[in-house]
Structure formats: structure tokens, C-alpha cells
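Here the structure is laid out as C-alpha cells; the discussion comes afterwards.
Only the coordinates and a few stated rules stand behind these numbers; no lab work does. Please read all numbers here as calculations on a predicted model, not as lab measurements. Cβ sites come from the backbone with ideal geometry, for glycine too, and all protein chains shown count toward neighbours.
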Amino acid sequence: MSAALVLTIGGLTTVGIYLITARSLSRIILGFSLISHAAVLGLLTAGGSPGPAPIVSGEAVTANPVPQALALTAIVISFGLSLFLLALAGRQHTLTGDDLVEDDIEDRAIAGLPQGENR
């Protein structure tokens, strides 16, 4: 794995985590998208260099299909998560007119209770 791929994966992950900690749902969606891209790129680079083509060379050596299958699974999961977050953002925009995540008053009330009373 080259240093450029390591820096790219690290940069995508760092920016993605930074965006996830924001209060805007549009930034959270972009953050999860960047982290999913970093995961797919990491899985594909973990597969190593491609092997020779099995039909052209006549050899029985083939590339490992597991990283490719995991990358496809990660793509499907990130697509589903993106659609769910977009639905949340659309609902939030319909209800409040913006995409900011507000503080939950009930969570603060529960957090303020003594340890044994929050059941």
C-alpha cells in the first residue's frame, strides 16, 4: 500500500469525523459519505495488487474476491445510511425549516436525575 493511499484514507476519515460532529444534518450526511468512501478505499487497498488475468495467462492463480465483496457490502450499507439520513433531513426541514439538530429537553431532564431514578 502506498503512502498516498494511506494519506488519502486518513484524510477522508479525519474530515468525515469532523463533519459528523457538526450540528447540521447536511454536514453529518457528508461526513458519513466521506467515511464510507474511506472504508471502501481501505478495503480495496487491503486486497493487494491485482493478479494476472486467468484467461490470458492460463494460470490458475486468481485475485482474492473477499475484499471486493466486503467493499460492495460497504457501498450498499453506506447507500442505505445515506438514504435514511436524507429522509431524516427532509423531515427535519419540513417540521422546522432548517437542518440543525436541536438539544432534546427530555434527555437533559433524564441526565439531571440521580442515578437510580431514571428507570
What percentage of all Cα-Cα pairs in segment 71-119 are separated by more than 17 Å? 60
Note the full-extension length gain between Asp103 and Leu72 as 0.36 nm times their separation in residues minus their Cα-Cα distance, in nm to one decimal. 7.6 nm
Compute the FRET efficiency between Val6 and Phe79 as 1/(1 + (r/R0)^6), taking r as their Cβ-Cβ distance and R0 = 25 Å, and round to the nearest 0.05. 0.45
With label points built 7 Å along Cα→Cβ from the Cα atoms of Ile17 and Ser49, find their separation and express it in nm. 3.2
